[in-house]
1. Only one of these conditions is not met by ARG38: (1) loosely packed, with under 15 Cβ neighbours inside 10 Å; (2) charged (D, E, K, R); (3) modelled with pLDDT of 95 or more. Which number is it?
2. Across region 62-87, what is the total count of residues that are in a strand (DSSP E or B) and farther than 18 Å from LEU19 by Cβ?
3. Considering only region 15-25, I want to know if a residue exists there that is modelled with pLDDT of 95 or more, under 12 Å from the mean Cα position of the chain (by Cα) and over 28 Å from GLN115 (Cβ atoms).
4. Go through (1) surrounded by fewer than 16 Cβ atoms within 10 Å (Cβ to Cβ); (2) at pLDDT 95 or above; (3) part of a loop (DSSP other than H, G, I, E, B) for ILE9 and report which single condition fails.
5. Scan region 97-118 and report the pairs whose first residue is of a type in the set (Lys, Arg) and whose second residue is at pLDDT below 95 and surrounded by fewer than 16 Cβ atoms within 10 Å (Cβ to Cβ), with Cβ atoms within less than 7 Å and a gap of 6+ or a chain change.
6. Among ARG133, ARG105, which is over 13 Å from the mean Cα position of the chain (by Cα), among the basic types (Lys, Arg) and closer than 23 Å to LEU26 by Cβ?
7. Please give the number of the condition ASN58 fails out of (1) under 15 Å from the mean Cα position of the chain (by Cα); (2) touching a residue at least 60 places away in the same chain (Cβ under 8 Å); (3) not in a helix (DSSP H, G or I).
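The values are calculated or read from the model by the stated rules, or taken from the named source; none is laboratory data. Just so you know, these numbers come straight off a predicted model, no measurement behind them. Quick reminder, even Gly has a Cβ in these numbers, built from the backbone with ideal geometry, and neighbours come from all protein chains shown.
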Amino acid sequence: MAEQRNKKIETSEWSEPYLLTSGHHLAVGDRPGVYRIRAFSLEGNPIPIGRVDGVDPNAILHIGQSVRLGTRVREFKQAAEGKRAQHPAGKQFYRWGFQRMFPLRQLRFDYVFVQDVEEAIRLERRLHEDYRRQYLDKPPLDAQSGRSD
């Protein structure tokens, strides 16, 4: 159990990054997992994002988890478009005008499936903690990350 808890997610375990507007979230379905919303150039390359301590070359705007991964990605997209979906990061994207720097058509999402909600929560927390340790910062659309204590 401790080995599973401390397991690092390898780059090869993440799905390929899909355009947020592609409709691929429908194929993802309602399985538990962790997802990332990322910013890409028109050429399909991650847009490096300056952080407090360095540059995030993976262009991570948001890290989230859900027991219904496909539905949650759809909710982010709808909230980012200004619709009434209940997704805090998507609402922030829309409210603060992130589309000026990162147009919706250039956002992509990738994901990794997990066994259950507990594993999703643990993995999301660890990814937030790793990000915070590396950059002394949170992904731009994440209100909370890592442990609060």
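1. Against the list (1) loosely packed, with under 15 Cβ neighbours inside 10 Å; (2) charged (D, E, K, R); (3) modelled with pLDDT of 95 or more, ARG38 comes up short only on (1).
2. Qualifying residue count, region 62-87: 3.
3. Checked region 15-25: no residue is modelled with pLDDT of 95 or more, under 12 Å from the mean Cα position of the chain (by Cα) and over 28 Å from GLN115 (Cβ atoms).
4. (2)
5. Close Cβ pairs satisfying both conditions: ARG105/THR21.
6. Working: ARG133 fails: closer than 23 Å to LEU26 by Cβ.
Being over 13 Å from the mean Cα position of the chain (by Cα), among the basic types (Lys, Arg) and closer than 23 Å to LEU26 by Cβ holds for just one of ARG133, ARG105, which is ARG105.
7. (2)
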